[in-house]
Amino acid sequence: MTDPAYLRLGLPPTASPQTVLRAAVRALHPDTRAVRSFRTARKRFYRQMLCAHAARQAVGDDPASGSLPTTPSSPHSARPFGRVFPIQEVPMADYFTHFSCLLDVGTPDKAARALALFQSLREADQDAEDPEVAGFDLVHQDASEGSTLWIHDDEHGDVEAVIRLVLRLAEDLDLTGLWGFQYGLTCSRPRLDAFGGGAHVIDLGARKSVGWTSSQEWLAAALNGEDVDA
């Protein structure tokens, strides 16, 4: 029997690996996608979905028929990690991560180099199991002689991917100063804990994240009587 997590992606047999990856990303709760320590588990989950899809294409059969070869998995394989909702709920809701922010890299030349790097990473993502720059786009905010870049989601934004790219640009372009962005979490259905948001701050010169906040954690702390203004 085919992995039930793969079945819930609802993909046609002709779907490309990139389409499979995007569908797998959408199946995860935004909190799961945003936690850096879950990256290894996310890669394992993406790899399982790609393998299941490749097996389906090799057999050329309906994935629900039960004729596809699959790797034995534990009873928890349908929910490999993090806050993934129960099986019966996943197909009924879609989770969205939204953001829109600007990054000034200083000069038009650096802006052109940043865009070139982004495009090269996106091309490499076509065959990657864990895409580096999936979930958002990077474009010139103004004319080609400008130095400001616009970073925005494609509905299923990846907060961690934005952080990785900005840190990479800080290193390659020798950027300095503090930079940050906000993001919002929404859902197509009224799921509990599916709405909220947060923000991240990066020290470009130090090449590291220096602060972050989550509305969900702030609310939990406030309701617990903690000093929410600290």
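The values are calculated or read from the model by the stated rules, or taken from the named source; none is laboratory data. Just so it is clear, the model here is predicted, and its values are computed rather than measured. Here the Cβ is made from the backbone with ideal geometry for all residues, glycine too, and neighbour counts use every protein chain on show.
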Tell me which residues, restricted to the range 179-218, are loosely packed, with under 13 Cβ neighbours inside 10 Å, among the small types (Gly, Ala, Ser) and either within 15 Å of residue 160 (Cβ to Cβ) or in contact with a Ser or Thr (Cβ under 6 Å, 6 or more places away or on another chain) (or both).
205
Only one of (1) closer than 24 Å to residue 125 by Cα; (2) within 20 Å of the chain's Cα centre (by Cα) fails for residue 207. Which number is that?
(2)
Specify which of the listed residues (158, 174) is assigned by TED's automatic domain parsing to the domain that holds residue 133, surrounded by 12 or more Cβ atoms within 10 Å (Cβ to Cβ), free of Cβ contacts under 8 Å to residues at least 60 places away in the same chain and among the acidic types (Asp, Glu).
174
Please determine whether any residue of the range 18-35 is in the same structural domain as residue 152 (by TED's automatic domain parsing), in a helix (DSSP H, G or I) and at pLDDT 80 or above.
no
Part of a loop (DSSP other than H, G, I, E, B) and either among the hydroxyl-bearing types (Ser, Thr, Tyr) or exposed (fewer than 13 other Cβ atoms within 10 Å of the Cβ) (or both): is that true of residue 143 in this structure?
yes
